[in-house]
1. List the equivalent ellipsoid semi-axes of segment 485-587 in whole Å, largest first, each obtained as the square root of 5λ for an eigenvalue λ of the Cα gyration tensor.
2. Over segment 311-359, how many percent of alpha carbon pairs lie in each 10 Å bin up to the one with the longest distance?
3. Separation between the R93 and R410 pseudo-spin-labels, each 7 Å from Cα along Cα→Cβ, expressed in nm?
4. Quick check: pseudo-label points 7 Å beyond the Cα along Cα→Cβ at V626 and D301, how many nm apart are they?
5. Express in % the proportion of alpha carbon pairs of segment 64-159 at distances exceeding 22 Å.
6. What number comes out for the charge environment of D509, summing +1 per Lys or Arg and -1 per Asp or Glu over other residues with Cβ under 9 Å away?
7. According to a simple spin-label model (label point 7 Å from Cα along Cα-to-Cβ), what is the distance in nm between R43 and E185?
8. Using +1 at the C-beta of Lys and Arg and -1 at the C-beta of Asp and Glu, which of M145, C411, I481 has the Cα lying farthest in the positive direction of the dipole of the chain?
Amino acid sequence: MADSNADRALEALATEERRFPPAATFTAQANTRDRSLYEHAERDFEGFWAEQARTLDWRKPFGKVLEWEAPYAKWFADGELNVAENCLDRHVRAGRGARVAYHWEGEPGDARTVTYADLLALTNRCANALGELGVRTGDRVAIYMPMIPELPAAMLACARIGAPFTVVFAGFSAEALSGRIEDAEAKVLITADGGYRKGGVVPLKKNADDAVARTTTIEHVLVVRRTTQEVPWTAGRDVWWHELVERQSPECAAVSLPAEHMLYLLYTSGTTAKPKGIVHTTGGYLTGVSATHRYVFDIKDDDVFWCAADIGWVTGHSYIVFGPLANGTTSVMYEGTPDFPDKDRWWQVIEKYRVTVLYCAPTAIRTFMKWGDGYVRKHDLRSLRLLGSVGEPINPEAWLWYQETIGGGRCPIVDTWWMTETGMILITPLPGVVTTKPGSATFPFPGVKADVVDDAGRSVPPGGAGYLVLERPWPAMLRGIYKDDRRYRETYWSRFPGRYFAGDGAKRDAEGYLWLMGRVDDVMKISGHRISTTEVESALVSHPKVAEAAVIGREDPVTGQAIFAFVTLRSGNESSDALSVELREHVVKGIGAIARPKTIMFSPDLPKTRSGKIMRRLLRDIANGVPLGDTTTLADASVVETIRTATGAED
């Protein structure tokens with residue numbers, strides 16, 4: 001007998017009925033107050049994006065909006081502009097040089113206020129210094145730095161002279177850094193003596209030296225003094241930032257660049273050992289991130305915007321640096337972790353700078369839930385008016401806690417879906433228009449066209465689940481994988497020809513709302529049913545005693561795979577056999593018997609990357625008793641050993 005589930009991409013099990021329409025007071029002041037933006041974008045797709053592009057300053061106006069020969073797009077290709085000029089010079093020229101670009105907060109408690117005029121001068125000095133080191137338009141620069149103001153200045157300096165850059169997250173190892181330098185063929189590396197993390201010093205310069213020793217292209221290493229620790233030094237190659245940059249002129253002419261000039265490379269992990277160099281260009285990328293920042297976050301002149309990511313990830317590129325600066329916004333930039341010196345550091349920062357918009361990851365939200373409401377209540381968060389989430393699907397209970405405890409029940413939540421490759425937010429509510437449902441990213445951004453399809457590429461009906469695909473190009477989309485056209489085509493375009501497949505599962509409810517279900521790599525096959533880890537995890541976290549959960553499939557002789565759940569409890573709760581049984585039945589009640597976990601292991605924490613994503617791959621390795629893969633990107637490697645030696649699994 002044929003398997004009746006064979007043509008189903010994924011099972012759609014959970015339902016969510018709670019709704020949050022925009023408050024009339026919010027809609028009255030919103031940048032988008034009705035559906036006209038959606039209608040305009042659908043009626044004239046290219047015209048809509050041309051209007052967004054014209055909010056920027058162009059050295060040479062574009063005539064052609066889009067050239068599309070799948071799988072490559074060119075946006076505004078006959079136009080010229082400069083990203084740094086759009087992010088800095090035009091605001092200063094308009095008399096806004098005294099506006100704060102960044103309220104910077106260092107982990108040890110030091111702070112700096114950087115205005116647009118300050119950042120322009122710092123950027124120009126850095127650009128002139130790079131010129132003195134031999135960097136020319138088209139040369140690549142690698143950046144490996146802590147979260148300090150010199151980091152966006154370095155990125156903007158590269159953009160100013162047309163030198164594509166690659167930022168490597170400061171938590172990465174020397175090996176990861178060297179591979180990225182070598183692939184990009186970077187000429188200069190910009191780093192720091194070190195950075196602060198949880199009161200300790202991260203030895204960035206030593207890591208940089210170890211990386212450069214494995215590469216052949218680096219001619220100079222430019223080093224910011226952050227921690228004042230003693231560092232190894234190579235005379236003739238290494239240069240102190242304060243000695244070279246600070247003596248440069250604060251004036252530097254911006255280079256006029258074609259819209260399709262490469263702005264940056266950002267490396268993302270692939271299924272093979274070699275990371276993928278994602279190419280982002282100039283005009284389309286800046287159009288996409290400035291438009292989404294303006295509309296999704298309803299940005300006003302007096303907002304204080306905090307994207308609590310790291311610039312080493314695409315979220316930081318798009319919504320700490322380029323989107324906010326293009327819009328002349330004041331941002332907060334924080335160097336440290338949420339729990340140093342105590343677990344209320346974020347709320348302290350929000351209170352200090354009167355932050356109005358907070359954008360962070362669901363993992364952070366669930367961590368705060370685990371720590372309890374007490375840390376939040378110590379601080380006045382009434383300045384907040386809008387909240388956002390990014391990085392992975394947010395489960396409904398975390399969404400509701402975020403809305404009530406952090407937002408005081410008054411702040412709309414924009415749950416956003418996008419990724420390194422997309423460059424900009426693609427699926428999101430517009431906060432003055434869309435009624436939200438906890439856990440749903442709702443609808444595509446105006447001008448973006450998405451669908452959910454089955455294995456055969458057919459659009460699934462309402463209530464169905466499958467693979468999320470994008471049906472047409474968007475301005476900030478990747479322009480390929482650096483030096484690897486074949487891999488680009490195979491990775492993103494071969495599964496559903498002519499459509500971009502991101503690798504994520506999704507479901508579409510009866511009203512057309514989209515619900516992201518995580519990577520299809522994380523789908524479990526239970527007795528012929530393909531079940532998303534996200535749905536089971538959401539069901540577990542909806543229990544009042546659970547803070548976080550990670551679910552994987554463990555090999556099982558009867559069902560093919562069995563559901564293995566790692567559960568972290570909220571503060572003040574203890575694990576027990578009775579609670580394990582209770583949680584299993586809680587999942588059954590929420591989404592059905594097919595999703596009942598066979599095994600629950602209670603763990604004080606879960607293995608996460610420095611960006612906060614749970615590494616389910618490592619949990620699969622542990623559960624299936626196979627050797628662990630790469631653990632260099634873990635925020636805390638000891639968590640893995642704790643789980644491996646734990647005896648709390650209940651069968």
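1. 32, 17, 13
2. 23, 50, 26, 2
3. So the label points at R93 and R410 sit 4.0 nm apart.
4. Output for this residue pair reads 5.8 nm.
5. Cα-Cα pairs of segment 64-159 separated by over 22 Å account for 44 percent.
6. +1
7. About 4.9 nm separates the two model spin labels.
8. C411
The numbers here are math on the coordinates, done by the rules we state, and not lab data. In this text, all values refer to a predicted model and were calculated from it rather than measured experimentally. Every residue, glycine among them, receives a Cβ derived from its backbone with ideal geometry; neighbour counts consider all protein chains shown.
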